[in-house]
Amino acid sequence: MAQARKRATQRASTDADERVTGDPFVDEAAAWGDDDDETGWRPEVGALVVGRIESIDVRSTTYGPAPVIVVRADSHGGNRIAVWGLHTVLRNALKRAKPQPGERIAVKRLTDGENENGSFQRYRVAVDRKAGSDAAAFDWNAQKDGKSRTPQKRATDASWIDEGDDDDDDKLPF
């Protein structure tokens, strides 16, 4: 019985592969493999991710919505890396840079900064505009102020951008 089920599954898989040929969108989806899963970027100080932006969306977290940029990295073995805009400094840097799908992006984790509230993680973001495409634009201006660090039951809007002052980024040597 198990052998018959296995043969039927193999036939269905082969039939499906034959049906998708010719449609570039479906062909690309059919070619997805296990290595196409995205990996969350958890940078240490000095870590850098550079690559082409495949998608940008807003995803729910315990603390509310956050932007997520999925990058096909030049490094990291060409894997898909998900850069989550969870930290205020990174979210603000992304909002200023306004990256779009198809463009190349570089995100670097810098040394921690200090202010009257304690230490915070610093980031630098650069976008290669000439590498862009005609992909649908992500509206960074639609993102609202959201300074709350209190966990939320459910994300209902994109209120995750802090309009606070980030003058520390202007003092960076690159």
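Just a few scattered comments:
- For region 71-92, a residue qualifies if it is under 28 Å from Asn115 (Cα atoms) and either of a type in the set (S, T, N, Q) or buried (at least 20 other Cβ atoms within 10 Å of the Cβ) (or both), and the qualifying residues are Val83, Gly85, Thr88, Val89, Leu90, Arg91, Asn92.
- Any pair with Cβ under 8 angstrom, 6 or more apart, that starts in region 43-65 at a residue that is in contact (Cβ under 8 Å) with a residue 24 or more places away in the chain and ends at one that is surrounded by fewer than 15 Cβ atoms within 10 Å (Cβ to Cβ) and assigned to a strand (DSSP E or B): Pro65/Arg59
- The set of residues in region 72-86 being under 12 Å from Val125 (Cβ atoms) and modelled with pLDDT under 95 consists of Gly85 alone.
- Flag if Val68 is buried (at least 17 other Cβ atoms within 10 Å of the Cβ), in a helix (DSSP H, G or I) and assigned by TED's automatic domain parsing to the domain that holds Ala126: no
The values are calculated or read from the model by the stated rules, or taken from the named source; none is laboratory data. Predicted model only: the values in this text are computed from it and were never measured. Heads up, the Cβs are rebuilt from the backbone with ideal geometry, glycines too, and the neighbour counts pull from every protein chain shown.
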